[in-house]
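Trainee: Sending over a structure as structure tokens; questions will come in a sec.
The values are calculated or read from the model by the stated rules, or taken from the named source; none is laboratory data. What you see is a predicted model, and the numbers here were worked out from it, not measured in a lab. Counting neighbours? That spans all protein chains shown, and the Cβs are built from the backbone with ideal geometry, glycine included.
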Amino acid sequence: MSDLTRNKRLGILTSGGDAQGMNAAVRAVVRAALEMGLQPYAIYEGYRGMVEGGKMIRKMDWGTVGGILHQGGTIIGTARCMEFMTREGRLRAAHNLILNGIDNLIVIGGDGSLTGANIFREEWVSLLKELVDTGKTAQDIIERHPVLTIVGMVGSIDNDMCGTDMTIGADTALHRIVTAIDAISSTAASHQRSFVVEVMGRRCGYLALMAALSTGADWVLIPESPPNLDNWEDKMCSVLRAGREAGRRDSIVIVAEGAIDRYGKEISSEYVKKVLEEKLGEDTRVTILGHVQRGGSPSAFDRNLSTLCGHEAVKAIASGDVRGQAWMIGIRGNRVTRSPLMNCVNETHLVNQAIKAQNFDQAMQLRGSSFSESFRIVRTFVRALPHPPKPGQRRLRLAVIHGGGPAPGMNTAVRAAVRIGVDKGHIMMGIRNGFEGFIAGDIYEMDWMSVNGWAPRGGAELGTNRKIPAAGDFYAIARNIEKFEIQGLLVIGGWAAYHSAHQLYTQRHLFPAFNIPIVCLPATIDNDLPGSELSIGADTALNSIVESVDKIKQSAVASRRCFVVEVMGDECGYLALMSGLATGAERVYLPEEGVTLNDLKKDLDNLLSGFRQGKRLGLMIRNESVNRFYTTDFMAALFEEEGKNLFDVRTAILGHLQQGGDPTPFDRIQAARLASKCIEYLIEEAENSDPGGHFIGLQAGKVLFTPLDDLPRMVDKEHKRPRHQWWMDIRPIARALAHPGPSVQGSEG
Ligand code: ADP
């Protein structure tokens with residue numbers, strides 16, 4: 001800490017290719033620095049600004065980074081800079097930094113930019129010595145800045161960096177791609193056409209692979225795992241042909257920019273088009289998505305990833321723990337992490353080398369288990385028809401049911417479950433209309449093509465409702481299990497689904513029919529289920545809220561206005577907090593915390609003083625269940641009456657638009673991954689004389705199963721939410737970045 005008091009300045013720059021979410025990172029760094037008593041400087045246009053100096057290095061204050069969360073690109077500019085690749089360029093950069101008293105740098109860029117930053121750090125002492133030797137600076141400067149500290153964040157839409165699950169911009173790029181492919185699918189299906197879609201990713205197939213997993217594409221080509229056949233073109237065409245014969249109306253092939261064959265030869269989208277035209281005689285179009293993928297407003301995930309990483313980067317510097325070193329901030333399983341920068345860069349280079357050396361097994365292994373698992377799932381999905389059942393194999397009869405409110409991604413999960421189950425030789429059945437349908441026996445067999453086109457579709461094709469069976473219902477359900485010979489049950493849904501599954505599980509001693517494997521898959525926008533940090537549908541709802549709030553904010557440019565926005569979530573504040581973080585709300589009201597009259601008085605005082613100081617917009621996000629009496633209308637009326645003459649107040653109750661919409665890529669990917677694991681689970685447990693009952697979930701980045709027995713102890717039944725909620729730890733960061741604290745001087749909202 002002692003060194004910190006000597007140097008309280010830090011520089012932030014964005015470098016290399018731009019990525020959506022960089023602005024949120026800049027905002028978080030600037031505001032967190034001010035909160036932690038450091039002075040932030042923006043270095044404009046990446047390393048070019050550092051080499052040029054002068055007005056390219058500017059002091060930032062709280063207000064300079066206001067209103068940028070929703071903007072794509074980077075407001076401080078980014079560039080590629082050849083001069084910084086030379087020692088002379090870096091000498092000038094060092095001189096400019098010490099002229100501004102800066103020896104802490106936060107760099108947001110790709111592996112090139114981060115490697116450059118580390119070289120600069122390693123040379124720092126010798127650069128300063130040269131500046132002294134050539135009379136450009138005084139000796140005591142070296143003593144004042146003995147080391148350079150680097151903290152990196154990865155801004156790259158390709159998700160091509162090791163040491164972090166996600167890079168800044170990748171989720172948004174995937175949003176752009178998936179929206180485009182959904183649109184292309186509808187036109188392709190109308191004309192029965194084939195489309196080749198080229199997506200970015202010169203050295204990493206992440207975008208192509210995840211787009212294929214999310215959209216129901218028919219073939220995908222990525223650099224890490226080229227087709228392992230010499231005549232892969234024939235194989236691809238025969239699969240596409242068979243798909244058409246089975247009833248698919250379109251064929252979509254996704255090609256990563258860096259796709260190669262197994263000899264390392266480029267596979268271009270034009271080549272794929274030629275193959276399809278020649279071998280299939282199909283009218284084929286190529287769409288190269290190009291820079292669209294970099295553009296547009298960042299997704300909720302990218303905003304929050306950047307915000308949390310930016311905050312952590314400043315914390316690392318402020319703590320003094322990383323002084324003189326080079327670290328990288330990333331995320332692993334929803335948690336922000338610090339890793340030694342060069343370890344991450346070197347590991348990234350290993351993947352690239354493995355691809356170059358055509359060591360594809362190693363490349364896939366280095367990408368990690370969820371990448372390979374996604375690839376395996378895609379390979380099943382793209383099949384035109386399932387593998388036929390093996391001779392003599394036991395064919396199970398597995399049923400899928402929903403429970404609770406609709407959640408975007410439910411259809412994606414059912415599609416994945418049906419296709420994987422059928423491909424493994426089993427009979428899949430759909431139970432319509434949730435537990436009501438189970439009681440009534442509304443059950444049908446689902447084949448491979450019955451779920452065609454379901455991947456991108458919002459809503460719940462099978463139907464869902466909040467019915468929880470009681471009394472005589474159990475008898476009816478038991479009879480239907482026997483009648484339809486159901487040997488395993490996948491329950492996809494929210495609180496009602498979990499509760500119902502638990503009921504069946506605990507009544508096994510009364511109804512022997514319930515003695516089948518049961519597994520629950522979390523699907524609710526509320527994200528209020530135990531055993532999973534995220535549930536399917538929550539990401540889609542979060543993005544819907546964030547898009548709506550962006551529009552609401554824009555509607556008020558000319559007036560002084562405070563909005564009270566009400567969001568769903570039932571008794572769980574996840575959507576309120578995360579949407580507040582992503583939109584820069586100054587206050588979020590969470591059911592976990594409740595709200596008192598005193599709180600409202602304090603909030604009102606803050607609003608009054610903010611608007612008095614020239615603030616133009618107030619944004620409060622209120623969860624629907626925060627308080628029965630202090631309703632959204634009550635709060636709005638209170639603020640309006642007390643804020644008379646200073647500002648007016650409007651409410652926006654977002655309502656059901658949060659449950660609708662097509663699922664986001666994240667929800668689709670997780671739905672497919674979890675459903676695939678659930679089917680494997682049911683097949684395995686069906687062999688067991690005492691089959692299990694579990695719920696699946698994502699925990700710290702891993703897919704884990706928790707026994708249904710544990711449900712009661714894991715939930716706060718009165719408030720219908722898990723006892724432990726990981727995201728509650730984020731609250732102080734949301735608060736710190738939305739409000740200038742007393743320590744921040746000369747601030748504006
Ligand atoms: P990215 O950071 O997205 O990988 P680049 O590789 O183009 O993008 O790097 C961006 C900038 O970072 C370069 O123009 C250069 O200024 C700097 N840079 C990259 N690699 C190095 C290096 N090895 N040494 C010094 N500077 C580098």
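Matching residues to (1) under 19 Å from the mean Cα position of the chain (by Cα); (2) of a type in the set (S, T, N, Q):
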{"site": "329", "(1), (2)": "yes, no"}
{"site": "340", "(1), (2)": "no, no"}
{"site": "344", "(1), (2)": "no, no"}
{"site": "352", "(1), (2)": "no, yes"}
{"site": "359", "(1), (2)": "no, yes"}
{"site": "371", "(1), (2)": "yes, no"}
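Trainee: Restricting the search to the stretch 222-248, which residues are in contact with a Gly (Cβ under 8 Å, 6 or more places away or on another chain) and not acidic (Asp, Glu)? Write out each step before concluding.
Mentor: Within the stretch 222-248, the subset in contact with a Gly (Cβ under 8 Å, 6 or more places away or on another chain) is 222-225.
Listed by number, the residues that qualify are 222, 223, 225.
Trainee: Search the stretch 32-46 for residues being in a strand (DSSP E or B) and more than 16 Å from the ligand (Cβ to nearest atom), and hand back the single one that is surrounded by the most Cβ atoms within 10 Å (Cβ to Cβ). Write out each step before concluding.
Mentor: The first filter runs over the stretch 32-46 and keeps only residues in a strand (DSSP E or B), leaving 39-43.
Filter again for more than 16 Å from the ligand (Cβ to nearest atom), leaving 39-42.
Numbers: 39: 18, 40: 27, 41: 23, 42: 23.
Looking at residues that are in a strand (DSSP E or B) and more than 16 Å from the ligand (Cβ to nearest atom), I get 40.
Trainee: Answer with yes or no whether residue 98 is more than 16 Å from the ligand (Cβ to nearest atom), assigned to a helix (DSSP H, G or I) and modelled with pLDDT under 95.
Mentor: Values: more than 16 Å from the ligand (Cβ to nearest atom): yes; assigned to a helix (DSSP H, G or I): yes; modelled with pLDDT under 95: no.
So residue 98 fails the test.
Trainee: Next question, about the same structure. Please pick out the residue among 111, 171, 182, 158 that is under 39 Å from the mean Cα position of the chain (by Cα), of a type in the set (Asp, Glu), more than 16 Å from the ligand (Cβ to nearest atom) and closer than 22 Å to residue 310 by Cα.
Mentor: 171
Trainee: Next question, about the same structure. With respect to residue 360, is the statement that it is crowded, with 20+ Cβ neighbours inside 10 Å and outside the structural domain of residue 243 (by TED's automatic domain parsing) true?
Mentor: Values: crowded, with 20+ Cβ neighbours inside 10 Å: no; outside the structural domain of residue 243 (by TED's automatic domain parsing): yes.
So residue 360 does not fit the description; no.
Trainee: Still on this structure, I have one more. How many of the residues making up the stretch 715-743 are at negative phi, surrounded by 15 or more Cβ atoms within 10 Å (Cβ to Cβ) and in contact (Cβ under 8 Å) with a residue 40 or more places away in the chain?
Mentor: Going residue by residue through the stretch 715-743, those that are at negative phi are 715-719, 721-743.
Going one step further and asking which of them are surrounded by 15 or more Cβ atoms within 10 Å (Cβ to Cβ), we end up with 715-716, 719, 721-722, 725-727, 730-731, 733-740.
Imposing the further condition that a residue be in contact (Cβ under 8 Å) with a residue 40 or more places away in the chain reduces the set to 715, 719, 721-722, 725-727, 730-731, 733-734, 736-740.
Residues meeting the conditions: 16.
Trainee: Go through (1) in a loop (DSSP other than H, G, I, E, B); (2) in contact with a Lys or Arg (Cβ under 6 Å, 6 or more places away or on another chain) for residue 644 and report which single condition fails.
Mentor: Exception for residue 644: condition (2).
Trainee: When residue 661 is evaluated against the numbered criteria (1) closer than 29 Å to residue 375 by Cα; (2) assigned to a helix (DSSP H, G or I); (3) modelled with pLDDT under 95, which criterion, by number, is the only one it fails?
Mentor: It is condition (2) that residue 661 fails.
Trainee: May I ask you to list the residues in the stretch 616-651 that are modelled with pLDDT of 95 or more, among the aliphatic types (A, V, I, L, M) and crowded, with 20+ Cβ neighbours inside 10 Å?
Mentor: Residues satisfying the conditions are 619, 620, 621, 626, 635, 636, 649.
Trainee: Got a number for residues in the stretch 122-152 being out of contact with any Phe, Trp or Tyr (no Cβ under 8 Å at 6 or more places or on another chain) and within 11 Å of the ligand (Cβ to nearest atom)?
Mentor: Summing the residues that are out of contact with any Phe, Trp or Tyr (no Cβ under 8 Å at 6 or more places or on another chain) and within 11 Å of the ligand (Cβ to nearest atom) in the stretch 122-152 gives 2.
Trainee: Do we find a residue being farther than 19 Å from residue 668 by Cβ, crowded, with 23+ Cβ neighbours inside 10 Å and at pLDDT 95 or above anywhere in the stretch 547-560?
Mentor: Start the filter on the stretch 547-560 by keeping residues that are farther than 19 Å from residue 668 by Cβ, which leaves 548-560.
If we keep only those that are crowded, with 23+ Cβ neighbours inside 10 Å as well, we get 549.
If we keep only those that are at pLDDT 95 or above as well, we get 549.
Among the residues of the stretch 547-560, at least one is farther than 19 Å from residue 668 by Cβ, crowded, with 23+ Cβ neighbours inside 10 Å and at pLDDT 95 or above, which makes the answer yes.
Trainee: From the list 274, 265, which residue is surrounded by fewer than 16 Cβ atoms within 10 Å (Cβ to Cβ), over 29 Å from residue 370 (Cβ atoms) and at pLDDT 95 or above? Let's see the steps before the verdict.
Mentor: Details: 265 fails: over 29 Å from residue 370 (Cβ atoms).
Every option except 274 fails the conditions.
Trainee: Another question, if that's okay. Just the residues that are within 12 Å of the ligand (Cβ to nearest atom) and either free of Cβ contacts under 8 Å to residues at least 12 places away in the same chain or under 26 Å from the mean Cα position of the chain (by Cα) (or both), please, taken from the stretch 47-73. Steps first, please.
Mentor: Step one: list which residues in the stretch 47-73 are within 12 Å of the ligand (Cβ to nearest atom), which gives 47-51.
Of everything in the stretch 47-73, nothing turns out to be within 12 Å of the ligand (Cβ to nearest atom) and either free of Cβ contacts under 8 Å to residues at least 12 places away in the same chain or under 26 Å from the mean Cα position of the chain (by Cα) (or both).
Trainee: Answer yes or no: is there a residue in the stretch 8-29 that is under 30 Å from residue 619 (Cβ atoms), without any contact (Cβ under 8 Å) to a residue 60 or more places away in the chain, more than 15 Å from the ligand (Cβ to nearest atom) and within 27 Å of the chain's Cα centre (by Cα).
Mentor: no
Trainee: Would you say residue 658 is crowded, with 18+ Cβ neighbours inside 10 Å, in contact (Cβ under 8 Å) with a residue 24 or more places away in the chain and more than 21 Å from residue 399 (Cβ to Cβ)?
Mentor: For residue 658, the condition - crowded, with 18+ Cβ neighbours inside 10 Å, in contact (Cβ under 8 Å) with a residue 24 or more places away in the chain and more than 21 Å from residue 399 (Cβ to Cβ) - is met.
Trainee: Residue 93 fails exactly one of the following numbered conditions: (1) more than 12 Å from the ligand (Cβ to nearest atom); (2) of a type in the set (Gly, Ala, Ser); (3) touching a helix residue (DSSP H, G or I) at 6+ places or on another chain (Cβ under 7 Å). What is the number of that condition?
Mentor: Among (1) more than 12 Å from the ligand (Cβ to nearest atom); (2) of a type in the set (Gly, Ala, Ser); (3) touching a helix residue (DSSP H, G or I) at 6+ places or on another chain (Cβ under 7 Å), the lone unmet condition for residue 93 is (1).
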